[in-house]
Amino acid sequence: MASGSATRRGGGRRRESDSGTVSSSRTQEVCDDSPVHELLARPLARLWDAAGPMRPWLAGHLHARFGIGVTGVVRTADGQVLLLRHRFWPADSQWAFPGGFAKRGETFQETVRREVREETGLTVTVGPLIEFRMGDRYRVQAYYAATLADGLDGLVLDRGEILDAGLFTLNTLPAAMPSMHRELARRALRPGDVPGADGTPAPGTGQSL
């Protein structure tokens with residue numbers, strides 16, 4: 001056999017190294033009729049059958065769970081965006097949109113409204129989903145357009161998390177912003193790029209946990 005070629009034996013994949021030795025691939029598969037498969041499959045099937053109504057709970061604990069971060073890309077009708085200076089963020093990217101983790105049972109639009117209210121005391125109308133991205137291995141991030149109705153009237157900061165807040169135009173965006181938030185701010189301040197960013201909210205997607 002030529003060096004580096006692969007062959008399948010008993011359902012597994014084995015690779016011959018340059019030295020001529022043969023080692024199992026990390027992607028080795030187990031044949032359906034192998035003794036190991038038979039040993040594991042039957043008790044697992046009995047356990048699954050016995051779980052009955054507990055199957056959804058069991059499945060939830062057997063699979064990876066993700067944190068859902070939700071951010072409100074908040075703008076005003078007169079062409080400004082609401083940015084907060086977050087206490088626990090790196091110094092070179094503290095200025096960003098309001099947001100936080102979704103709670104079980106709430107829609108992502110509800111998360112935006114709750115986070116804005118908790119961090120600033122302000123009320124927003126939430127529009128459509130405008131961006132959805134993977135964060136790290138166990139986190140995804142959803143970004144929603146949102147509209148601030150009354151400027152900063154009623155602003156009350158959560159001083160435990162938020163150091164400052166302000167309204168910014170495209171030309172006055174602070175330097176210390178995450179690149180993703182800067183791009184979203186630019187898109188929000190060009191209303192044609194963001195559905196619902198002209199102050200007329202579009203229906204949201206209604207995702208919930």
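The values are calculated or read from the model by the stated rules, or taken from the named source; none is laboratory data. Bear in mind the structure is a predicted one, so any value in this text is a computation, not a measurement. Glycine also receives a Cβ, built like all others from the backbone with ideal geometry; neighbour counts cover every protein chain displayed.
Worth pointing out:
- Across region 88-99, the number of residues qualifying as at pLDDT below 95 and within 14 Å of the chain's Cα centre (by Cα) comes to 0.
- Number of residues in region 94-137 that are surrounded by fewer than 16 Cβ atoms within 10 Å (Cβ to Cβ) and either small (Gly, Ala, Ser) or not assigned by TED's automatic domain parsing to the domain that holds ARG75 (or both) equals 3.
- If you go through region 92-149 and pick out every residue that is part of a loop (DSSP other than H, G, I, E, B) and over 15 Å from GLY67 (Cα atoms), you end up with 7.
- Residue selected from region 162-204 under the condition acidic (Asp, Glu) and either under 18 Å from ARG133 (Cα atoms) or at pLDDT below 95 (or both), by the criterion surrounded by the most Cβ atoms within 10 Å (Cβ to Cβ): ASP198
- Selection of region 98-154 for residues being without any contact (Cβ under 8 Å) to a residue 60 or more places away in the chain and hydroxyl-bearing (Ser, Thr, Tyr) yields THR111, THR120, THR123.
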